[in-house]
Structures are given as structure tokens and as C-alpha cells.
Amino acid sequence: MDYSSFSFNSFVIRFRASANSFLSQFEPLALLLAPLLSLLVARVLQSFLSLILEKGLKATLLGLFMSSVKLVPGVKSYIDAEKQKVVDKLQSGSKSKREHWRTELPTIGLGVGVIEEMRDEKSKDVDWKGKCSGTVFAHTNPLHLDVFQSVARFEAEVVAMTADLLGSKEKASGAQVCGNMTSGGTESILLAVKTSRDYMKMKKGITSPEMIIAESAHSAYDKAAQYFNIKLRRVPVNKEFQADVKAIRQHINRNTILIVGSAPGYPHGIIDPIEELGKLAYSYGICFHVDLCLGGFVLPFASKLGYPITSFDFTVMGVTSISVDVHKYGLAPKGTSVVLYRNHDIRKHQFVAVTEWSGGLYVSPTIAGSRPGGLIAGAWAAMMSLGQAGYLENTRKIMEVSKMIQKGIKEIPELFIIGKPDMTIVAFGSAVLDIFEVNDIISSKGWHLNALQRPNSIHICVTLQHVPVVDTFLQDLRDAVQTVKENPGPISGGLAPIYGAAGSMPDRGMVQELLVNYMDGTC
């Protein structure tokens, strides 16, 4: 007989009888609810401890006290009213001026006349020379709006005019679209992602954030995921090379803070189904960012010209933020972009406010603290000098050239166009030739196109500089295809072998390491 087994079974029987006897004195409902209540208490304690670790004991207790006080009828409205009085007093000097600032592009641009208007506005700035502590080490610094009031106006008008192009006045809700200028599309995207993360943490308590993008979305989202500790879920595009709404829906979970749509996507120039993505985001109560870095100053005008452009802006329900580069088709100086939000409640989560610095109270709207006022002024000048008529004419030219290039590529039997381009980016590949060898040949003729993967292809982003040379480009492309067809194999000194090898490597970690080592050696 196995006495150890017998002894253990006896123990189990006695323990079961004892437990049943003890629990029999409780109601069944109490026994059912006890574990659930214990779990709830544990989660509350975990949240409380997390707050203490994040903000400190004093700040946490004060925050809880203020939250409880605001539950008293009338107290919250009183506190909010008093805070607004302070804000109104701080803004009293600029608020009246803003009422007269421009909120839409002029119909006809000012041309060179914009210079005189800039001089006039600059003359109203404070006479700061020799009187400011730090602040200025060159010319202007928008961080100090009380000194450089002209720059404040220029930025506000660039943001307002851009928002007007993107449906700020037509959107359904009455909340005001708002935003800020940034240094470029990457910063605009970084800020939109950071803002979405913090907004969703406040709104839903999400502390392990995730975002979902199509594999055609810009690499800036990878950068944002790394910077802000957000899990990135990348899904394949559909057969039209658009973001796959069904696939994105399947990846949404309780930690999802943001989905992304591009108008158009950088690789293939194709607009994602923004309306469907907007409905999806709205139904789940999550943020939806539209990347208009390329299309922001083309699509509104292409639509006016009669091109079949699907909805892409704040008129779409569910869109919470938009990024748009003024330094691309807005023709502003390099280093100027705009990030926009559907309302102020969302944008407030973009800002960084510091109250415990010995250097004083500090608040900053963007990643950079000090910013070059000259770039802001340059963006304003570009928009004001061109006006709606100028952008409309530019769009007409580049859209026509884009269609000419598409037609020319279709006439080359060895090439095929990726999807159906909606704008001014045309991507193309080949089923019979190494497209990267074609790229090497055309590069030797002075053209600089962009190499893509999945599928292997290259693209041209049409700008005004291509208008007078489109026929030359198509002829050089035909010649390059013929050269590769007659002489297959790597071109001496070309990049085709590198792109081909990188694309076929199954170990993407190794490819990533190669890229990092390359960058480390060139910086």
C-alpha cells in the first residue's frame, strides 16, 4: 500500500470538509462577489500606487482632494471660472489683436507685395535690442510671444489658413480646430502621437498604449513608437495598396489609442479610405490621425479642379488630428509644418508645462523650446504671396504632369504602375527586369528617384520642377529600361545589389543593424 498517497488523499478530504463547513455560514452571492471585489480593490490600489510613483505622494493626495471637492455642486464651475479669469488676464494683451488676424488664404496672392506687409507688421514688435535677458541670440524667438508679436501673428495665421483648407469651418462640431507650427512632418507626427497617447490615458486610463498603422504609413510612426514607449502594430495593405480597414479592426483592443490613415501614402501616392477609418475610430472611441504631410496643399485644390478626391480632412467624423507640411507643396522654407487638432481639449495634451523648475514657470507647445521665427515668417510669406489662385494653378500643373508620367509608364511594356495614384506620386515596378537596376541607370542620367520595397519598385514625386522636363524624364526612363533589358546584371557602382540583398534578407534585425551602422558612419 502507498501510505504517502493515502495520507495525502485523507488530508484533501479533511481540508475540503473543513472549508465547506467554514464557507457554509456565508451567502452564495457573497462568495461569488468576494473575488470580484478583491480584484477591484487590488486594481484601485495599483492605480493609486502608480499615481504616487508618477507624481509623488503630495501631488497625488492634492489631486484626489481637488477631484473630490469638484464633485460638490457648483464648486467645479466656480474653480473653472476663476482659472479662466487668470487665463483671460494673461491673454488680455493679445486677445483683441487676434480678432483681426487672418483665418483663410487670400483669394489672390499678394506676390512681392507680401514683403511690405511683413515689414509693417515687424515694425510693431517691441524694441528688444539690448533689453532682453538671453531670449535672442540671432534675430527672433517665438518662445517669447510678448516680445516677437509679429511672429505670433504669422504662426497663428499659418495655422488658421491651413486649418481652413482642411475643413475646419465645415466640420460638424462647433469646437474650434487648433494647432501649432513645427519643424517638419516628423515632428508633427511625433506630437500627434504623443498627444493621442496622453489624451487617451486621461480619457480611458490606458497605460500600455498601442497604435495601428498600415505598412505604407511613414516611418515617423516607428520613431514615435520608440520615443514614447507605444506598441506599434503594423498591418498589410489591401490589394489596392490602401490601409486595410478590416485588418486594422481585427487588431483593435482595449489598449489601442490611435489608428492612422495617409492622404496620400508616401510610397505609392494612394489615399487610404479615410471615411471608413474615421467611422472605425469613432465607433471605438479612439484617436485617428490623418497624415496629410504630402497632400495638404494639393488635395484641396485638386478637388476644386474636378479630380475624384475622396474625403480626407476634418469633415470626416472621427478624425482627431492632422499633420501637413507647408515646406512641401506649400512651397515654404524647409523646416515648416503644421499639426492640427479637432479641438482644444485634445491639443492641451501636446503641451509641456513645468511648475517646479528653479528657472521659473515654463510651458512649451512643441518639441523645440526656442524656434526660428524666420521660418515661420517664411511660411506665412509663401502662403500669402501665392493665395488660393496660386496654389490652384500649381496644382493644375503638377497633376497634369503626374497624369502624363502615368500614361508614359503604361506605354512601357516592361513596367507597371503600383495601384492607382491619387495625386503626384507615381510608383512603378517590373515583373521582368530588376527595377533597382533601372533606377541605377536613370540615376546616372542625373535623376534621383526613391527606391521602395514590398513590392520592389521606385517612385517619382512630381513637383513644379518636373513640369518643363517631363518629356526628358520619360525618354530617359525608356532608355534605362532598354539598357537593362539588353544588359541584365548589376551596374558597376550602382545600389541595385544592396537594395536587392536587403529586400531578400529574412533576418530584418540584421538589416536594421546594417542601417544603424551605416548611419553611425556617415554622421
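Details
- Yes/no for ARG254 being open to solvent by 50 Å² or more (accessible area, probe 1.4 Å) and closer than 22 Å to GLY419 by Cβ: no
- Selection status of VAL319, touching a residue at least 12 places away in the same chain (Cβ under 8 Å), in contact with a strand residue (DSSP E or B) (Cβ under 8 Å, 6 or more places away or on another chain) and open to solvent by 20 Å² or more (accessible area, probe 1.4 Å): no
- Among the residues of the range 365-397, the one identified as in a loop (DSSP other than H, G, I, E, B), open to solvent by 50 Å² or more (accessible area, probe 1.4 Å) and hydrophobic (A, V, I, L, M, F, W, C) is ILE367.
- Pairs are defined by a Cβ separation below 6 Å, a sequence spacing of at least 6 or placement on different chains, a first member in the range 258-280 that is of a type in the set (D, E, K, R), and a second member that is open to solvent by less than 10 Å² (accessible area, probe 1.4 Å) and outside any loop (DSSP other than H, G, I, E, B); the pairs so defined are ASP272/ALA243; ASP272/GLY261; ASP272/SER262.
- Condition check for LEU361: on the phi > 0 side of the Ramachandran plot and in the same structural domain as ASP291 (by the TED database): no
- Residue in the range 265-281 that is within 18 Å of the chain's Cα centre (by Cα), open to solvent by less than 50 Å² (accessible area, probe 1.4 Å), of a type in the set (Phe, Trp, Tyr) and under 29 Å from LYS334 (Cβ atoms) present: no
- Flag if GLU400 is part of a helix (DSSP H, G or I) and under 24 Å from PHE312 (Cβ atoms): yes
- Exactly one residue out of THR186, THR207 is open to solvent by 40 Å² or more (accessible area, probe 1.4 Å), in a loop (DSSP other than H, G, I, E, B) and either over 30 Å from ILE405 (Cβ atoms) or in contact with a His (Cβ under 9 Å, 6 or more places away or on another chain) (or both): that is THR207.
- Pairing residues of the range 439-468 that are free of Cβ contacts under 8 Å to residues at least 24 places away in the same chain and of a type outside the set (Gly, Ala, Ser) with residues that are part of a loop (DSSP other than H, G, I, E, B) and open to solvent by less than 20 Å² (accessible area, probe 1.4 Å), at Cβ distances under 6 Å and at least 6 apart in sequence or on separate chains, gives no pairs at all.
- Scanning the range 402-416 for residues that are of a type in the set (A, V, I, L, M), more than 14 Å from GLN482 (Cα to Cα) and either assigned by the TED database to the domain that holds ILE309 or surrounded by fewer than 21 Cβ atoms within 10 Å (Cβ to Cβ) (or both) gives a single hit, MET404.
- Filter pass, GLN176 being at pLDDT below 95 and open to solvent by 60 Å² or more (accessible area, probe 1.4 Å): yes
- Matching option when the condition is within 18 Å of GLY205 (Cβ to Cβ) and either at pLDDT 75 or above or acidic (Asp, Glu) (or both), among LEU64, LEU39, LEU53: LEU39
- Only one of SER183, SER188, SER208, SER196 that is closer than 14 Å to ILE259 by Cα and modelled with pLDDT of 95 or more: SER196
- Taken over the range 282-299, the criterion of being more than 22 Å from ARG249 (Cα to Cα) and either aromatic (Phe, Trp, Tyr) or surrounded by fewer than 24 Cβ atoms within 10 Å (Cβ to Cβ) (or both) is satisfied by PHE297 alone.
- Between ARG234, ARG249, the distinction of being more than 27 Å from VAL426 (Cα to Cα), modelled with pLDDT of 95 or more, basic (Lys, Arg) and surrounded by 15 or more Cβ atoms within 10 Å (Cβ to Cβ) belongs to ARG249 only.
- Enumerated strands (runs of 3 or more DSSP E) restricted to the range 417-495, each holding at least 1 residues that are open to solvent by 20 Å² or more (accessible area, probe 1.4 Å) and closer than 25 Å to ILE398 by Cα: 450-452, 457-461
- Taken together, LEU340, LEU331, LEU386, LEU361 contain a single residue that is within 16 Å of the chain's Cα centre (by Cα) and hydrophobic (A, V, I, L, M, F, W, C), which is LEU340.
The values are calculated or read from the model by the stated rules, or taken from the named source; none is laboratory data. Please read all numbers here as calculations on a predicted model, not as lab measurements. Cβ coordinates were reconstructed from backbone atoms using ideal geometry, including for glycine residues, and neighbour counts include every protein chain displayed. What goes into the accessible areas is simple: the full protein's heavy atoms, side chains included, and nothing from ligands, DNA or RNA. Shrake-Rupley method; radii C 1.70, N 1.55, O 1.52, S 1.80 Å.
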